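Structure first, then comments.
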Amino acid sequence: MGIESTLLIVKPDGVERGLVGEILVRIERKGYRIEKMQGMRITEELAGRHYAEHKGKPFYDELIEYITGGLSVVVLFRGENAIENVRVIMGATDPLDATPGSIRGAYATSVTHNLVHGSDSAASAEREIELFFGQAASA
């Protein structure tokens, strides 16, 4: 895999619960470097583009409402095997299935309110980084 970039979003429940620092420090301590970071309220338009693959699924509207419901922190991390390893640090989407030491295993309360989003492939990382930070950031 080598050195790669990935996108992480600390979703509104993570920001509201004061877990941004805890989440970022867990990833940094594994050796991943923050390249870019911004706090933002994700618009419905951006959320729709970000979650386009889920359009038409039963949970889509709830997902859009959730991600646009408050401030999020969007981070571009870079390092060795960043995509896969950041996902391991995050834990499974369902906190009941997440490893106890993972972010979701330790702090998430439901499948919907699961604190974080992370790119799941190189193609997703490239697309998501461009969506949130523009073309220059993915280079």
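Coordinate-derived values only; no laboratory data. If you're wondering where the values come from, they're calculated on a predicted model, not measured in any experiment. Here Cβ is always computed from backbone atoms with ideal geometry, including for glycine, and neighbour counts include all displayed protein chains.
The figures follow:
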{"item": "Estimated FRET transfer efficiency when R0 is 25 angstrom, pair K30-L63 (beta carbons, to 0.05)", "result": "0.35"}
{"item": "Net length gained if the chain between R78 and T109 were fully extended (0.36 nm per residue, minus Cα distance)", "result": "8.4 nm"}
{"item": "Inter-part distance where segment 43-74 and segment 1-37 are each reduced to a Cα centre, Å", "result": "19"}
{"item": "Length released on extending from E16 to M37, taking residue separation times 0.36 nm less the Cα-Cα span", "result": "5.8 nm"}
{"item": "For the chain: relative contact order, % (alpha-carbon pairs under 8 angstrom, 6 or more apart)", "result": "36"}
{"item": "Rounded to the nearest 20 debye, dipole of segment 3-138 from Cβ charges on Lys, Arg, Asp, Glu", "result": "340"}
{"item": "Positive-end extreme of charge dipole, segment 25-72 - chosen from I27, A47, M37 (charges on Cβ)", "result": "I27"}
{"item": "Fewest-first sequence of L7, L115, L96 by Cβ atoms within 10 Å of each Cβ", "result": "L96, L115, L7"}
{"item": "For the chain, calculated [θ]222 nm from helices alone, where every DSSP H run of n ≥ 4 adds -39500 (n - 2.57)", "result": "-11000 deg cm²/dmol"}
{"item": "5 Å binning of all Cα-Cα separations within the chain, expressed as whole percents from 0 upward", "result": "2, 11, 21, 24, 24, 14, 4, 0"}
{"item": "Isotropically averaged projected area of segment 80-139, using the convex hull of Cα atoms (one quarter of hull area), nm²", "result": "4.4"}
{"item": "K55 paired with V88, simple spin-label distance in nm, labels 7 Å along Cα-to-beta-carbon", "result": "3.5"}
